[in-house]
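Chemist: Before I ask anything, let me first share the structure, which is written out below as structure tokens.
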Amino acid sequence: MKGSVAAAAVGVAGSWTGCRPAPPSIQGTIVGPNRELGHRLRDGGLPAPERFEQVDVVVVGGGVAGLAAARTLSRAGGLKLVQVELESEVGGNSGWGQTATTAYPWGAHYVPLPGREAVEVVRLFEELGVITGHDVAGRPVYREEFLCHDPEERLFLHGRWQEGLIPHLGVSSAERAEIDRFLARMQSLREAEGSDGRPLFAIPVDRSSTDATCRALDLEPFSAWLDREGFRTRPLRWYVDYCCRDDFGLTAAGVSAFAGLHYFAARGGEAANADASAVVTWPAGNGWLVQRLREGITGELHRGCAVHSVAAHEGRVRVSAFDADSGSAVGWDAAQVVLAVPMFVAARLLGAPGAGRGTGAVYPPWLVANLTVDQIPDGRGMGPAWDNVLFEGRGLGYVVATHQQLRAVTGESVLTYYLPLDHLSPADARREAVAWTWDQARDLVLHDLARAHPDIAARTRRLDIKIWGHGMICPVPGFLWHGDRHRWSKPLGNIHFAHSDLSGISLFEEAYTRGVTAAHAILGRGTLSA
Amino acid sequence: MNDRATRLLLLASVFVIATCGLIYELIAGTLASYLLGDSVLQFSTVIGVYLFAMGVGSWLSGFVERGESRLFVQVQFLIGLIGGFSAAALFVLFTQVNAFRPVLYGLIFLIGTLVGLEIPLLLRILKDRLEFKDLVARVFTFDYIGALLASLLFPLVLVPHLGLVRSSFLFGMLNVAVGLLSARVLRLSGPWARATSVLGCGLFVLLFGGFLAADRFTSWSERNTYTDPIIHAVSSPYQRIVLTQGAGDLRLHLNGNLQFSSRDEYRYHESLVHPGLARLPMAKRVLVLGGGDGLAVREVLKHPGVEQVLLVDLDPAMTRLFTQLPLLTQLNLDALASDKVRVVNADAFTWLAEAKETFDFVVVDFPDPSNFSLGKLYSTAFYRRLRPVIAPGGAVVVQCTSPLVARRAFWCIDATLRDTGFQTRPYHVYVPSFGEWGFILASLESLPTDLSLPEGLRFLSASTLRGLFEFPPDMDRVDVDVNRLNNQALVRYFEEDWGKVR
Ligand SMILES: Cc1cc2nc3c(=O)[nH]c(=O)nc-3n(C[C@H](O)[C@H](O)[C@H](O)COP(=O)(O)OP(=O)(O)OC[C@H]3O[C@@H](n4cnc5c(N)ncnc54)[C@H](O)[C@@H]3O)c2cc1C
């Protein structure tokens, strides 16, 4: 090759720096959320505003759903619009951070290719240039830079890395056959339609078929379905558990069979220039989408401002909030309100009219760590991929923030490590995690990664931690189709609800569609069909 | 200690001194021929200066009235220090200073003078202990035996196993050891004696540290990787740059991959540039991406119509090296210093995103797609970014690895360019140090077929050119995937194809 003695190259470059100085000690903190404001919010006693400013719409919450609503309203034009966000930056579960080298995610980090049912998301992607056109067959062409670059995934198994997340190193032929049978089964479910002509499993979830037998799957745990169908071998069950933890925060035993199958069978997108399984991602994760959404909003944005009451008042809605920066109470008197906050928050803000809202919802807590490393850790078998997972690891592995960069790699990068805290009940895990010191959390993260990367501590310069007490909702058995979810989604007078919680599945597509739908309801356009 | 033992030890030190002296001379000569080329000239000037300096040293010894023993020890220490650090210092200074020759000869002169002082001093120290005829006979015998040993040790053991830098530290340590031992044997006394041994030990430790740290310069394993001696090695934030010099063959390696051999690089670079540029008689502005060695730029400058050349290379360490090092500027004919040439150190992908100018001809000379970051530089996304910088009627040439060894990789680049809207004209050439090598000439509009080659080419002619565009069956087009960021098909083909030949 230009030239042909490459074989020894890596060894040479590596051995040359043989004796490196002792690693600098790792810096870091536990970051956000705004706990103090959160507590004052929960405990009450925030001052009531003296006057209420007249506006057309107040959007409470600056997560994806709130931003989607505010952007849609902004584009319609002519409305006096206010958006209020508790934290100092918008984004919610799709928040992000930035180092000198790269942006990195604090939560959501990718979106799969949206399928036909996700029309709103497809339209957004066209507006943002994520989809640049269509080929002759009508398939969307994606902006290549945004498609997850190859290699996408690697798995650490039996002391080495393999490509892809489905185990194949050291997997017996019987186990392999079972994996193949499972994948074939999922493929047929992906193509299946109910008697109403809708896909059995769609994103947004409420656009799935109303097929009764399919919806009955919501009542049993996914693990029971797997057992019954004879999917029992260890590599497959690890893989399925991994996927459930990744999307829902609990293993197959904790989520409903409908939700579990939904994860595997609802991925319906296609592209002219990528496989159907492709995803779009950015260094900031979905923070990139958040930034683009924010750019499209023309209303007033109040950050670091906690809404503590939303109440009907003479045919309008009064929104009371506390601005942490100025330390003063603020209030709006709005014709319409979008409550784009988690259900349990909405219940609190509404007082008596919100009673019972969100009962039965389960939120497993999450730990997310961002490690600034001097070099992306390598390893035997295969070099770094975007998503790097440890077989039977405690956490879900890490995503490399610089993977999508086009610059020649300079070395330094940020690894985003995800750990759903499912070793205890969600409430106990939350209590435990909130009490962790930074040292404890750091050691937990490093210990998990050290199995694949013995030198990870030496490579890490900074390690920041975020505990998501109520990160994302988990579709436990019964929640999706057998509870009050749909009732909670309906407007209460001129108060509209938009949050991924209402879908029971926490995804960008769900949050975005709910935000757009709420805005359309205000603008008098069609709504999300249920 | 009795007189006999003392005598013997002192004569033994003559032996060591002689070996050390010759070793420094050989090191300097080798280093000079590595770094400056023309070994006959370098060796004879180094030897000349060295011998003359020894004469100066001997002459200076005549001014020493007393305290020969003390001076002898001091001189040993000095030689150990200067000689020991000489190779490391010359390597480092070579790229740091503009006037390298004065430094080189200055150092040689200094060492020569000190070595020249030694023998007369030793003769004087021994004169009361031996008869004159024995004295002269023995001293010179040991001197010449030492010289023989050095001349055998140097090429057979030291250069191949220790390398120049370590060897010079090792012999520096020997000199200091001789100094320390003679201080003992000659029974130096007084407060000075104590200071001497402390100083000597300190020097010894310092040189030993240098010996160990020489690994930072070039490691054992690295020396074993290259067949020819390494004359320059640096690690930039982007890559490991290694220059080796064999018999009349200067080679550049980046991360262990051969980039060129001075013996046949003209074949590569003429073929890279002229088949495209010679079709564009109106070309005024040329862009070179990668190619920080300035060799493609050298070829571009052979076209008198070209007014501006912009070189975009990631690594300032590369372009600096090829702008400053005489050995390398001889090779690229000072191309990077030309008034017509502008050098920008930036990442090509990011630079293209912000580029506003257009160019009549673009040379894309990146390293082979041997890893996923490099694979991105051959993707549809990259070529899409390249399109807007090409002026109407302009063309691009891309170096495309070996169509013989990595046949699918070669045709994958072709498919990728076509997918991005380019018309392509693949061609190949034989470069002995690389093997059969491939290039693709690409353009958005069809290119003229007639071309006029510039004067003074060593390889390309109208008749050689015709053959380059013919692909025999074993290299002919194969059906392959387009290389996209999200499939990195090229890196996969490349790894598989080259994997077979490794
Ligand atoms: C660790 C993690 C990883 C994830 N990964 C992915 C992924 O890869 N892909 C994916 O599609 N989804 C992922 N998700 C799901 C993610 O939740 C959704 O994609 C989406 O961000 C949810 O948006 P939302 O607007 O529904 O909710 P939220 O993000 O919860 O937004 C609610 C907003 O309301 C604000 N708020 C709350 N109370 C108040 C108040 N009183 N006053 C004012 N403002 C208030 C909050 O601060 C927040 O900004 C992940 C979630 C987590 C926690």
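Chemist: Which of rounded, prolate or oblate describes segment B:153-213 when judged by the alpha-carbon gyration tensor and an a/c cut-off of 1.5?
Modeler: oblate
Chemist: What is the local net charge at A:W106, summed over the other residues whose Cβ is closer than 13 Å to its Cβ (Lys, Arg +1; Asp, Glu -1)?
Modeler: -2
Chemist: How long, wide and thick is chain A, going by the Cα atoms along their three principal axes, in whole angstroms, largest first?
Modeler: That works out to 79, 58, 50 Å along the principal axes.
Chemist: Could you give the nm distance between label points at A:V434 and B:S189, where each point is 7 Å from its Cα heading toward the beta carbon?
Modeler: Between A:V434 and B:S189, the label points sit 8.6 nm apart.
Chemist: Kirkwood Rh over alpha-carbon pairs of segment B:236-357, then Stokes-Einstein at 37 °C and 0.692 mPa s: what D in µm² s⁻¹, rounded to an integer?
Modeler: Estimated diffusion coefficient is 220 µm²/s.
Chemist: Sort the following peptides by mean Cβ neighbour count (other Cβ atoms within 10 Å, averaged over residues), highest first: A:454-466, A:158-170.
Modeler: Working: A:454-466: 18.9, A:158-170: 16.5.
Result, highest mean Cβ count within 10 Å first: A:454-466, A:158-170.
Chemist: Give, rounded to the nearest 20 debye, the magnitude of the charge dipole that segment A:119-280 has about its Cα centre when Lys and Arg contribute +1 at Cβ and Asp and Glu contribute -1 at Cβ.
Modeler: Charge dipole of segment A:119-280: 520 debye, to the nearest 20.
Chemist: Would you please state the base-10 log of I(q)/I(0) at q = 0.17, 0.22 1/Å for segment B:402-502, with intensities from the Debye formula using one equal scatterer on every alpha carbon?
Modeler: -0.86, -1.22
Chemist: Among the trypsin sites (Lys or Arg not before Pro) within segment B:153-262, which fall in a DSSP loop and have no more than 10 other Cβ atoms within 10 Å of their own Cβ?
Modeler: Taking segment B:153-262 and a limit of 10 other Cβ atoms within 10 Å, the loop trypsin sites (Lys or Arg not before Pro) found are B:R187.
Chemist: Another one. Using Cα centres only, tell me the gap between segment A:154-171 and segment A:192-222 in whole Å.
Modeler: Measuring centre to centre over Cα atoms gives 33 Å.
Chemist: Against the 2.2 N^0.38 Å scaling, with N counting residues, where does segment A:119-280 land? I'd like the Cα-based Rg ratio to two decimal places.
Modeler: Working it through for segment A:119-280, the quotient is 1.14.
Chemist: Next question, about the same structure. Assuming R0 = 45 Å, can you tell me the calculated FRET efficiency for the pair A:E193 and A:A355, based on Cβ-Cβ distance, to the nearest 0.05?
Modeler: Here the calculated transfer efficiency is 0.70.
Chemist: Below 19 Å, Cα to Cα, which aspartates and glutamates can B:K127 reach? Residues fewer than 8 away in the same chain don't count.
Modeler: Once the sequence-local aspartates and glutamates are set aside, what remains near B:K127 is B:D3, B:E65, B:E68, B:E118, B:D143.
Chemist: On to the next question. Taking the alpha-carbon distance from A:K80 and a cut-off under 28 Å, which lysines remain once sequence neighbours fewer than 8 residues away in the same chain are dropped?
Modeler: By straight Cα distance, A:K80 reaches A:K490.
Chemist: Return the ratio Rg/(2.2 N^0.38 Å) for chain B, where Rg is computed over Cα atoms only.
Modeler: 1.25
Chemist: Sticking with this one: Using the Cα centre of segment A:351-500 as the reference point, and only Cβ charges (+1 on K/R, -1 on D/E), how large is the resulting charge dipole? Debye, rounded to the nearest 20.
Modeler: Values: 15 positive and 14 negative charges, 109 e Å.
Roughly 520 debye, rounded to the nearest 20.
Chemist: Sorting check: for B:118-128, A:81-91, A:358-368, which peptide has the highest mean count of neighbouring beta carbons within 10 Å, and how do the rest follow?
Modeler: A:81-91, A:358-368, B:118-128
Chemist: With a sphere of radius 14 Å drawn around the Cβ of B:D143, what net charge do the other residues whose Cβ falls strictly inside it have (Lys, Arg +1; Asp, Glu -1)? If you can, show how the numbers build up before the last one.
Modeler: Numbers: positive: B:R138; negative: B:E25, B:E118.
Neighbour charge sum, excluding B:D143 itself: -1.
Chemist: Sticking with this one: Which translational diffusion coefficient, to the nearest whole µm²/s, is obtained for the protein assembly as shown from the Stokes-Einstein equation, given a Kirkwood hydrodynamic radius over C-alpha pairs, 20 °C and 1.002 mPa s?
Modeler: The Stokes-Einstein estimate is 64 µm²/s.
Chemist: Other chains near B:364-371: what is the mean number of their Cβ atoms within 10 Å of each residue's Cβ?
Modeler: Mean partner shielding for this stretch: 3.
Chemist: Could I ask something else about it? Once you have the Cα-Cα distance between A:S172 and A:R185, take 0.36 nm times their residue separation minus that, and quote the gain in nm to one decimal.
Modeler: Extra length available between A:S172 and A:R185 comes to 2.7 nm.
Chemist: Continuing with this model, one more query. With axes computed from alpha carbons, what is the tilt in degrees of helix B:489-501 against the longest principal axis of chain B, rounded to the nearest 10 within 0 to 90?
Modeler: 50
Chemist: What's the center-to-center distance, using Cα atoms, between segment A:456-482 and segment A:483-519 in Å?
Modeler: About 21 Å separates the Cα centre of segment A:456-482 from the one of segment A:483-519.
Chemist: Using the Cα atoms of segment A:192-345, I'd like the radius of gyration and the largest Cα-Cα distance, Dmax, both in angstrom.
Modeler: 21.6, 62
Chemist: With +1 on each Lys and Arg Cβ and -1 on each Asp and Glu Cβ, and nothing else charged, work out how big the dipole of the protein assembly as shown is about its Cα centre, in Debye to the nearest 20.
Modeler: 1880
Chemist: As I understand it, the value is the acute angle between the Cα axis of helix A:426-435 and the longest principal axis of the Cα atoms of chain A; what does it come to in degrees, rounded to 10?
Modeler: Tilt of helix A:426-435: around 80 degrees.
Chemist: Counting C-alpha atoms alone, how compact is segment B:273-499: give Rg to one decimal and Dmax as a whole number, in angstrom.
Modeler: Spelled out, the Cα radius of gyration and Dmax of segment B:273-499 are 16.6, 46 Å.
Chemist: For segment B:78-148 and segment B:414-489, what is the separation of their Cα centres, given in Å?
Modeler: 57
Chemist: Quick one: grab the alpha carbon gyration tensor of segment A:43-113, order the square roots of its eigenvalues as a ≥ b ≥ c, and give me rounded if a/c is under 1.5, else prolate or oblate depending on whether a/b is larger than b/c.
Modeler: oblate
Chemist: Moving on to the next point. Angle between the Cα long axis of helix B:68-96 and the longest principal axis of chain B, 0 to 90 degrees, nearest 10?
Modeler: Taking Cα atoms only, the helix is inclined about 0 degrees.
Every read-out reported here was derived from the displayed coordinates using simple, explicitly stated rules and does not represent laboratory data. Remember, predicted model here, so these are calculated numbers, not experimental data. Virtual Cβ from ideal backbone geometry, glycine too; neighbours counted across all protein chains shown.
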